[in-house]
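The values are calculated or read from the model by the stated rules, or taken from the named source; none is laboratory data. On a predicted model such as this, the values are computed, not experimentally measured, just so you know. Cβ coordinates were reconstructed from backbone atoms using ideal geometry, including for glycine residues, and neighbour counts include every protein chain displayed.
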Amino acid sequence: MSVLSIVKKLIADLSEVDEKLRAKYIRKNLSAYLKKSYFSYDQGHRVEKKLTDIKGLINLQIIHAKRNVASSDSNRKPISTITGQYFHHVDKANRLAFQDVEKSIALIDESLTAEYQPIFEPFLKEAKDVLDLNDLSVKSDIETKVLLENNSQVVYGEDNNNLPENMNGLGILNILYLLLQIDLREQDFKSENKDINLLFIEEPEAHTHPQMQYVFADKTLKALSEKGKLQTLVTTHSSHIVSRCEFESIRFLQLDEVDKQVLAKNFMVELSPKYSDTDDFKFLKQYITLNAAELFFASKAIFIEGTTERMLLPYFIDNYDIQNRTNIKAQNISVLEVGANAKAFEHFLSFIGIKTLIITDIDTTKLTEGQKGHRYKACKVDDGENTSNASLKHFLSAPNLENKGFQEWFKKLKNGDIKTSAPLINCCYQVREKEYHARSFEDAFIHINKDKINQKKGELSGLVNKYKLGDGDVDSYVLTNEIIVKKIRFRFIYSLSRSCLG
């Protein structure tokens, strides 16, 4: 039946269905209108195959996310139950594996049968008289699988100091369950011996803390990747598991808002060609897997320079939400310390499609003469001729320093008149406030809050030359460098911010 004839038949049948029920009718019955066909290509020629041919080629096993280990029922023993399944697979593959167990059970059966005779004698005598059954008897017949499922338990501990499995944490139960299931699937792959073996594991991180997720990724997933004739696909929302994966093996699943289709993106194939600077791509691979895997699951991102900003930003956002009745902190924002390496993320951020704010310093410099010749050194913004901030130069498209247009660009930079060329990325840096243009976060914060700092200077640790706070003639740029001890700058700024904003 052609596609056109199928459509015509569906339309004809829909004409007899109530208009309000048509959408439901299609969802429920569409498969009945479709014919499934399977084809392979042999030297360019299409050959139709049967479904049995496909099933004979591929062995597909799935360990679902719903694993029934999360139960408050003290009688549930999910791990002990699966030991019965484990026995069934081992016994099927190797009948001699449980020979000693079977021998012990046979002895138990023999003993129990002898014990049953006096107990059931009245019943057997009555059955003999009524039904004339002379050979009726009751015998013990214990099945090993049932015995394992119902009368064994997995415990944790030694000797009498142990806990039953339902008293263990759900994370431990989940991992134990996964390990048993993986072993069962592996035995199935070996026994079936098909050409293509696919193992799907859904969300192995359920109920587990980050350290356990690391161990599972490092040990179990690595071991699976080294097994021949086995391809494993793990779906996860865990940045901890992703951080332990090779960048080349990661596939990013994303919903296309226009076509409403799920796209599977391959970073090595689709992203690497966008990087002309191989060092940037090398840095991205190392950083993503080690520090920033959470970007894969973020809706938005904020890039910052260091520890001070990382500690303070959540506090600033909380205060802003309270004062403006907003809910920024609930927008699934990932905050990352990337320093001057933000430009390495440009194509990656565009590739995964998340809006990003880069909070950085204007970092002005001035050409000065020193012992090693002319160099650009840090200076206050009003005296600046250049910026040492590579991220600003990259995202705000700075001309070469030798270009005549550089000083015009730098003037616009100080005025905050330049927009980024990347549509999903914005840069934020210091601008002129209260008749002063700060060079850094600390510089700006101290200038804006100078009076409050002066009032609370007795409470703040890490503050030196406190008397200079009351000197109105001291330049804020100079003041910042004179009142903060560099080695404890972070601790001071953090306590200072909490004190002033609190």
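Taking (1) surrounded by 13 or more Cβ atoms within 10 Å (Cβ to Cβ); (2) in contact (Cβ under 8 Å) with a residue 60 or more places away in the chain in turn, Leu230 satisfies each apart from (2).
With respect to being closer than 28 Å to Ala264 by Cβ, surrounded by 13 or more Cβ atoms within 10 Å (Cβ to Cβ) and of a type in the set (Lys, Arg), Lys355 fits the description.
With respect to Phe281, is the statement that it is within 20 Å of the chain's Cα centre (by Cα) and either buried (at least 16 other Cβ atoms within 10 Å of the Cβ) or part of a helix (DSSP H, G or I) (or both) true? So that I can check it myself, show each step before the final result.
Values: within 20 Å of the chain's Cα centre (by Cα): no; either buried (at least 16 other Cβ atoms within 10 Å of the Cβ) or part of a helix (DSSP H, G or I) (or both): yes.
Taking the combined requirement at face value, the residue does not satisfy it.
Listed by position, the helices (runs of 4 or more DSSP H) contained in the range 320-418 that have at least 1 residues being farther than 23 Å from Glu442 by Cα and of a type in the set (Asp, Glu) are 346-352, 406-415. Under the condition of being out of contact with any helix residue (DSSP H, G or I) (no Cβ under 8 Å at 6 or more places or on another chain) and surrounded by 15 or more Cβ atoms within 10 Å (Cβ to Cβ), the residues counted in the range 284-311 number 4. Among all residues of the range 214-231, there is none that is under 20 Å from Ala292 (Cβ atoms), under 16 Å from the mean Cα position of the chain (by Cα) and outside any helix (DSSP H, G or I). Within the range 48-62, being surrounded by 11 or more Cβ atoms within 10 Å (Cβ to Cβ) and outside any helix (DSSP H, G or I) holds for Lys49, Ile58, Asn59, Leu60, Gln61, Ile62. In this structure, does Leu401 turn out to be in contact with a Lys or Arg (Cβ under 8 Å, 6 or more places away or on another chain) and not basic (Lys, Arg)? No; evaluated as a whole, the condition is false for this residue. Considering each residue of the range 163-178 in turn, at least one proves to be surrounded by 12 or more Cβ atoms within 10 Å (Cβ to Cβ), at pLDDT below 90 and part of a strand (DSSP E or B).
Would you mind stating whether Phe296 is more than 14 Å from the chain's Cα centre (by Cα) and among the aromatic types (Phe, Trp, Tyr)?
no
Out of the residues in the range 233-253 that are assigned to a loop (DSSP other than H, G, I, E, B) and among the small types (Gly, Ala, Ser), state the one that is surrounded by the most Cβ atoms within 10 Å (Cβ to Cβ). Per the stated criteria, the residue is Ser238. Cβ-Cβ distances below 6 Å connect the following pairs, each with a first residue in the range 284-305 that is under 16 Å from Phe267 (Cα atoms) and free of Cβ contacts under 8 Å to residues at least 40 places away in the same chain, a second residue that is surrounded by fewer than 20 Cβ atoms within 10 Å (Cβ to Cβ) and among the hydrophobic types (A, V, I, L, M, F, W, C), and a separation of six or more residues or different chains: Lys285/Phe247.
The residue that is surrounded by the most Cβ atoms within 10 Å (Cβ to Cβ), among those in the range 1-33 that are assigned to a loop (DSSP other than H, G, I, E, B) and at pLDDT below 85, is Met1.
Taken over the range 425-448, the residue count meeting the criterion of being over 22 Å from Ala378 (Cβ atoms) and surrounded by 15 or more Cβ atoms within 10 Å (Cβ to Cβ) is 1. Lys366 meets all of the listed conditions (1) closer than 20 Å to Lys343 by Cβ; (2) free of Cβ contacts under 8 Å to residues at least 24 places away in the same chain but one, namely (1).
Just one residue in the set Ala390, Ala422, Ala398 is surrounded by 13 or more Cβ atoms within 10 Å (Cβ to Cβ) and at pLDDT below 90; that residue is Ala422. Residue pairs whose Cβ atoms lie under 9 Å apart, sitting 6 or more positions apart in sequence or on different chains, and linking a residue in the range 180-195 that is closer than 21 Å to His64 by Cα to a partner that is among the basic types (Lys, Arg) and surrounded by fewer than 16 Cβ atoms within 10 Å (Cβ to Cβ), are Glu186/Lys227; Gln187/Lys92; Phe189/Lys227; Phe189/Lys229. For the range 179-213, taking the residues that are basic (Lys, Arg) and part of a helix (DSSP H, G or I), the one that is nearest to Arg244 (Cα to Cα) is identified as Arg185.
Scanning the range 184-227 for residues that are in contact with a strand residue (DSSP E or B) (Cβ under 9 Å, 6 or more places away or on another chain) and aromatic (Phe, Trp, Tyr) gives Phe189, Phe200.
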